[in-house]
Structures are given as structure tokens and as C-alpha cells.
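Worksheet: the structure to be examined is printed underneath.
The values are calculated or read from the model by the stated rules, or taken from the named source; none is laboratory data. Predicted, not measured: the structure shown is a model, and the values here were computed from it. Positions of Cβ are generated from backbone atoms using ideal geometry, with glycine treated the same way; all protein chains shown enter the neighbour counts. Protein only, heavy atoms only, side chains kept; ligands, DNA and RNA dropped before computing areas. Shrake-Rupley method; radii C 1.70, N 1.55, O 1.52, S 1.80 Å.
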Amino acid sequence: MSEAQLYEITVNNVVISTRAATTILGVSAMILFALIFTLTNFGFLHRKREVDLFHAMPVSRTALFYGRFLSGYLCLYAPLLLAVLLQGIVAACFGVLAPEVLTLLFSILTQLLVMTAAVFSFTVFVAVCSGSTMDTLVSIVLISVTWPALIFVGTAVINNTIPGIYLNYSPYLVGALSPLAAAYVQSSFYTFQWLFSLWWVALTAALLLGAAAMYRRRKSESAESSASFGPSKVVIRIFSCAAGGLCFGYLLFQLTNSTLSYYLGALLFSALAYLVTELLYWKSLKQLFRHSIPYCGVLAVFLAFTLTVSLGAFGMDTYVPPSLQIENAGAFNNNVYSYMAETPVLTEQEAAKPERDRVYETIRAAVQNPELIDQVRQANEKFIAYERTRQFPYLIGRNSLPEPSLYRYTLCYELSNSDNTTDRSYVLFSNAGDEAKALYLEGKQLTDKVLTSDEYIRGLFPVNAVDAASWVTHYANEEPENGGEKQAVSTNPGSDTVEFSGLKNESDFRKQLEQCLLDDFRNGRYLAEDGSDAGDTYEIMYSEGKHFTARGGLKSEKSIEGQSFVLCSSLSCTVTSSMTSTYQLLESLYA
């Protein structure tokens with residue numbers, strides 16, 4: 001190993017270990033000590049004797065508040081600052097203080113500066129609002145847990161109800177109103193997230209000013225009193241009831257796969273959360289009905305959320321991007337898997353750079369032909385009509401029914417006004433009615449025309465990167481002695497593998513392989529849908545680091561046909577007996 005490679009590995013290790021230490025240890029320690037300093041610096045607010053003593057001192061409340069806040073904040077940030085500086089000193093001593101390490105250290109320092117202030121101002125705000133230490137701890141835990149839980153479970157409910165769409169969890173949304181979650185979210189990024197940080201700078205200022213204003217108006221009699229919490233307690237209970245209902249309702253749905261279990265579980269556990277928070281804050285149930293208005297509000301919001309999602313979330317279920325906004329479109333089904341439609345690559349220029357400086361890219365199998373794009377949109381409309389015919393309004397669980405699925409098609413759009421790919425996935429279930437089934441099959445027929453078009457096929461990695469194909473292995477499908485399904489077994493890996501580089505006519509063979517793959521894909525012969533291809537199989541391996549000339553596909557919305565790339569991940573393509581052309585060609589190697 002050369003010195004340059006060793007240096008590169010060392011720098012990468014420094015970056016990885018620094019981020020891990022900051023995320024796991026630094027942030028966790030900061031949150032723990034934020035709680036401790038909150039209780040030590042502002043715990044006097046929860047004890048009658050101490051609060052009288054502090055307020056009798058010849059110091060204004062404003063000065064007392066900000067003085068104790070700043071002392072706690074400095075005690076929190078100073079050790080973190082020292083730890084990061086020591087990491088930089090150690091890196092410099094070992095000669096690995098590379099620019100990326102300096103950038104990372106600066107990013108960490110800035111992140112910790114912002115998020116330490118956010119976490120500490122939040123815990124202090126809750127302490128000022130609370131009448132006791134127990135109220136403070138309970139409120140901090142509930143706020144920190146319930147908001148991320150609402151985002152995670154709410155997104156899961158939408159994905160399991162509205163057909164076609166799949167929403168990803170947004171880390172920014174998860175950390176938007178939970179400073180403890182935000183601290184982990186911020187530290188998980190390699191670079192400083194300016195917009196997210198500015199959001200928390202604004203919230204921190206609001207929390208700090210709010211805490212100071214409430215402290216000036218806080219009565220000394222509020223210490224050891226459950227009445228001091230006021231409106232903040234109502235907000236926390238609303239979030240707790242909503243999160244408790246959604247989380248446990250969704251958990252019951254996952255365990256039973258029953259729509260009724262979800263709705264009953266949501267109602268039951270939201271009521272249970274309401275009772276638990278009543279006991280935690282007021283230590284009795286005497287005022288249960290008096291405090292029931294917030295719970296009624298939770299039920300009203302849950303009903304509104306359920307109706308909105310069941311009716312398609314204001315047209316989210318029927319949305320098909322306009323043709324003018326679509327840069328390119330693609331699709332894949334349960335036979336042509338999504339991994340075949342994406343090829344991880346490096347350009348020749350990037351491959352020549354050190355590993356830490358490389359920019360990895362992806363070649364996508366997609367179409368730009370207006371006629372083919374229009375066929376994808378027409379197929380999407382047919383699938384939407386199928387879903388509405390099968391069941392409307394929608395109920396949770398309709399996208400994960402226990403009935404077997406016959407087909408699964410996913411349509412992909414890359415839009416001119418978005419950096420992300422918009423995906424729509426539709427499943428034909430065996431229990432669908434005849435009218436719904438007919439609509440789905442019409443959409444399937446339109447999508448299959450796109451999947452078998454030359455423009456799309458040439459972007460699939462088996463064809464696109466055929467120059468990177470290195471060897472093929474033959475697997476005999478044998479039935480286990482104890483019964484069960486047949487399994488692909490290579491009885492003699494050495495003799496069952498044929499290296500393409502060892503063939504006398506390698507160049508001619510690759511051309512034949514390309515033509516055979518094209519022929520099979522054009523005719524839709526890839527993994528028979530009826531299971532008739534359960535015989536012997538061949539596996540073609542495409543090796544990482546191999547150079548190839550692209551036959552098609554898109555990169556950054558542009559065609560890259562004829563350009564040279566380097567495969568940056570090993571890939572494999574299984575050839576079954578249904579792929580008659582390719583199967584016969586590979587079979588001839590073993591004759």
C-alpha cells in the first residue's frame with residue numbers, strides 16, 4: 001500500500017471517528033448535562049424556601065435569569081469546544097489535519113454552538129413553566145418523544161392508506177419542534193445545515209425571551225404547585241394523547257393487520273394517555289372532566305386527519321405530473337427490479353481522483369421520448385382509476401393486504417421543478433373485483449410498452465454495462481432431501497464458473513451477449529410470471545472497477561450514450577430459462 005493510499009485511509013478514519021464521537025457521545029452528553037444544569041441552576045423555582053431566598057436578594061429577576069442561563073450554557077459548551085479542539089490537535093500531531101478534517105471540525109463547533117443553546121433554552125423554558133422538578137422532567141420527555149413519534153407514525157399511516165405514494169421521513173420535520181431530536185439530526189449531516197440552524201436560532205431566541213418574560217411574572221407561590229404550568233401543560237397533553245393514540249393504534253394494526261384494530265387502538269390509547277398525563281400533572285382524577293376539552297380537541301383533529309387521508313389528502317392520490325414538467329419517466333415491475341434500472345458509476349475523470357474526493361453518480365434507465373412519457377402518464381391514470389374502483393374512501397391497510405399480489409408496478413418521474421424523483425407504486429391484489437382488475441391490466445399493458453422500448457432497455461445495467469461483465473456461474477436447481485422448494489446450488493464453483501476474459505472470441509461473445517439480452521428484454525422475457533422458469537439458472541457478474549461504454553440511460557437528466565464510465569459496485573444478473581436467447585448463449589459455454 002502506497003503512502004498516499006495510507007494517508008487517504010487515515011483521513012477517512014479520522015472523519016468517521018470524529019463524526020461518530022460527536023453524534024453519539026458529544027450530543028448525548030450535552031443533552032444529559034443540559035438537564036443537570038437546568039435542575040441545578042433553576043431548581044430553586046420548584047422549592048418554596050429557596051425561591052423566597054433568591055427573590056429576596058437585591059438582584060433583578062432579569063439579571064438573575066440571564067446570569068444563571070449564561071453560566072449553565074458556558075459550562076455546557078466549554079467542554080465540547082475543548083474536546084473538538086483536542087481532536088484537531090491530535091489530527092495535526094499525526095499529520096492528517098486535511099482540509100476536509102478542518103471543515104468537519106468547524107461544522108461540528110458551529111452545530112454544537114447552536115444546538116447547545118437550543119436544548120438548554122428549551123429545558124430552562126420548561127423549568128420556568130413547571131411547578132415541580134417532576135413536572136419539568138415529565139414535560140421535557142413528553143415533548144421530546146411525542147413530536148418525532150407523530151411525524152414517524154403519521155407518515156406511516158399515510159403510506160398505508162393513500163395508494164400509489166410513499167412519503168419519506170424528513171429529518172428536518174422530525175427535529176422541527178423537538179430540540180433533543182434536532183441535536184441528533186443536525187449532527188448526522190456532514191455539512192452545516194444553514195436553514196435548519198437558522199430555524200433553531202429563531203426558536204431558541206423565542207424560547208429564551210419567553211422564559212425570561214414568564215420568570216419575571218412568575219409568582220413565588222408557584223413553587224411546588226401543579227397549577228403553575230398553565231397553557232403549556234395543555235399543549236403537551238394534546239401532543240401526548242395524539243402520539244399515544246396514533247402509535248399504539250398503528251402498532252395494533254401491524255400486529256393484527258386489521259383496520260378496526262387501528263381505529264379502536266387509537267381511541268383507546270389516546271384516552272389512556274389522557275388519563276396518565278392527568279395523574280402525572282395533577283396527581284388525581286378529581287378534575288378529569290374539567291380538563292376534558294383538550295382531549296375533545298385531539299379527537300376532532302384525529303377525525304379530521306383520518307377523513308383527509310381517507311379522501312386522498314386533497315388530490316394527492318390522483319395527482320399525475322403535467323407533461324411539460326416531466327424531464328423523463330421510467331418504470332419497473334416485480335420482474336424488472338429497481339436495482340436493474342440504476343447503475344452506480346464514476347466518470348473516467350472521477351475514477352482517477354483519490355477516493356475521498358470522488359463524486360459518485362447513478363445512471364438511470366428512463367425515457368425522454370414524449371410518446372413514451374405520455375404512455376407512462378396514461379398508465380398512471382389507469383392505476384388511479386383501479387385504486388378508486390377497488391376501494392374509496394381509502395382505509396388503512398389497503399396497501400398491505402394479506403391477499404397475494406399478482407403484479408406490482410412503480411412509475412417514476414423526474415420533474416423540471418424538483419431535484420427528487422417522484423415515484424408512484426401500484427399493486428394488483430388477487431381479491432380485486434373484475435372492473436378494477438381490468439383497469440389495472442390496461443395500465444400494465446401501457447407500462448409494459450415502456451419497459452420493452454429500446455430507449456428504456458439500453459439503460460438497464462445488464463445491457464448498458466455489458467463491457468463490465470466478467471464471468472458467469474451455472475447453478476443447478478436441486479430439490480432438498482427433506483423436501484421444500486428447489487434451491488439454486490453451485491455444486492462445483494470452480495468448474496461451474498466461466499471467465500469471459502478467457503474466451504478466445506471474447507469480443508464477439510460480448511456482442512452476442514448484448515444482442516441476446518436486448519432480444520429477451522424487448523420481448524419481456526425476464527423471470528416468468530407463472531414460475532415456469534424454475535429450472536437451472538446462470539448468474540452474470542459485473543465487476544466493480546470495470547470500465548464500460550454506456551449503451552444508453554440518463555445521468556443528470558442527460559443522455560450519456562457512448563460515454564465511458566467505471567462501475568463502482570459489483571452487480572449480478574440472473575438468467576433463467578424464460579430468457580431463451582441469453583440462456584441458450586450461456587448454455588453453449590458449458591457444452
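How many residues are open to solvent by 40 Å² or more (accessible area, probe 1.4 Å) and assigned to a loop (DSSP other than H, G, I, E, B) when one looks only at segment 361-370?
To start, the set of residues in segment 361-370 that are open to solvent by 40 Å² or more (accessible area, probe 1.4 Å) comprises 361-362, 368-370.
Retained after the next criterion (residues that are assigned to a loop (DSSP other than H, G, I, E, B)): 368-369.
Residues flagged as open to solvent by 40 Å² or more (accessible area, probe 1.4 Å) and assigned to a loop (DSSP other than H, G, I, E, B) within segment 361-370 amount to 2.
For segment 251-268, how many residues are in contact (Cβ under 8 Å) with a residue 12 or more places away in the chain and either touching a Lys or Arg at 6+ places or on another chain (Cβ under 8 Å) or surrounded by fewer than 22 Cβ atoms within 10 Å (Cβ to Cβ) (or both)?
10
Go through (1) in a helix (DSSP H, G or I); (2) surrounded by 22 or more Cβ atoms within 10 Å (Cβ to Cβ) one by one and return the number of the condition residue 162 breaks.
In the conditions (1) in a helix (DSSP H, G or I); (2) surrounded by 22 or more Cβ atoms within 10 Å (Cβ to Cβ), residue 162 misses (1) alone.
Residues of segment 219-244 being modelled with pLDDT of 85 or more and of a type in the set (Phe, Trp, Tyr), which ones?
Result: 239, single match.
Quick check on my filter: what residues within segment 556-591 are within 18 Å of residue 539 (Cβ to Cβ) and of a type in the set (A, V, I, L, M)?
567, 571, 575, 579, 585, 586, 589
Yes or no, residue by residue, for (1) closer than 19 Å to residue 38 by Cα; (2) in a helix (DSSP H, G or I):
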site	(1), (2)
168	no, no
185	no, yes
195	no, yes
202	no, yes
205	yes, yes
208	yes, yes
211	yes, yes
216	yes, yes
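For the condition closer than 20 Å to residue 209 by Cβ and either surrounded by fewer than 16 Cβ atoms within 10 Å (Cβ to Cβ) or touching a His at 6+ places or on another chain (Cβ under 6 Å) (or both), what is the one hit in 74, 53, 45?
Of the residues listed, the single one that is closer than 20 Å to residue 209 by Cβ and either surrounded by fewer than 16 Cβ atoms within 10 Å (Cβ to Cβ) or touching a His at 6+ places or on another chain (Cβ under 6 Å) (or both) is 74.
Can you run down the residue pairs with Cβ atoms below 6 Å, 6 or more apart or on separate chains, where the first is in segment 286-311 and in contact (Cβ under 8 Å) with a residue 24 or more places away in the chain and the partner is assigned to a loop (DSSP other than H, G, I, E, B)?
309/161; 310/393; 310/394; 311/393
One line per residue, one yes/no per condition, for (1) in a loop (DSSP other than H, G, I, E, B); (2) exposed (fewer than 14 other Cβ atoms within 10 Å of the Cβ); (3) polar (S, T, N, Q):
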| position | (1), (2), (3) |
| --- | --- |
| 278 | no, no, no |
| 296 | no, yes, no |
| 304 | no, yes, no |
| 313 | yes, no, no |
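Test of understanding: among 350, 327, 371, which residue is more than 30 Å from residue 392 (Cβ to Cβ) and either among the aliphatic types (A, V, I, L, M) or modelled with pLDDT under 90 (or both)?
It is 350.
Could you tell me which residue of segment 94-133 is most open to solvent (accessible area, probe 1.4 Å), considering only residues that are out of contact with any His (no Cβ under 9 Å at 6 or more places or on another chain), of a type in the set (Gly, Ala, Ser) and within 30 Å of residue 222 (Cα to Cα)?
In this case the residue turns out to be 117.
Give the residue, chosen from 205, 182, that is small (Gly, Ala, Ser) and either within 27 Å of the chain's Cα centre (by Cα) or modelled with pLDDT under 90 (or both).
So the residue among 205, 182 that is small (Gly, Ala, Ser) and either within 27 Å of the chain's Cα centre (by Cα) or modelled with pLDDT under 90 (or both) is 182.
How many residues does segment 528-544 contain that are hydrophobic (A, V, I, L, M, F, W, C) and modelled with pLDDT under 60?
Quick first cut of segment 528-544, residues hydrophobic (A, V, I, L, M, F, W, C) only: 528, 534, 540-541.
Still in the running and modelled with pLDDT under 60: 528.
The number of residues fulfilling the criteria is 1.
Results for (1) outside any loop (DSSP other than H, G, I, E, B); (2) within 30 Å of residue 307 (Cα to Cα), shown as yes or no for each residue.
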site	(1), (2)
359	no, no
372	yes, no
394	no, yes
409	yes, yes
424	yes, yes
437	yes, yes
441	yes, yes
449	yes, no
456	yes, no
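In segment 389-409, which residue that is closer than 15 Å to residue 441 by Cα and surrounded by fewer than 20 Cβ atoms within 10 Å (Cβ to Cβ) is modelled with the highest pLDDT?
Checked segment 389-409; the qualifying residue modelled with the highest pLDDT is 389.
I need the full set of residues from segment 458-500 which are in a strand (DSSP E or B), of a type in the set (Asp, Glu) and at pLDDT below 90, in order please.
Within segment 458-500, just 478 meets the criteria.
Consider residue 346 carefully, then state whether it is open to solvent by less than 20 Å² (accessible area, probe 1.4 Å) and on the phi < 0 side of the Ramachandran plot.
yes
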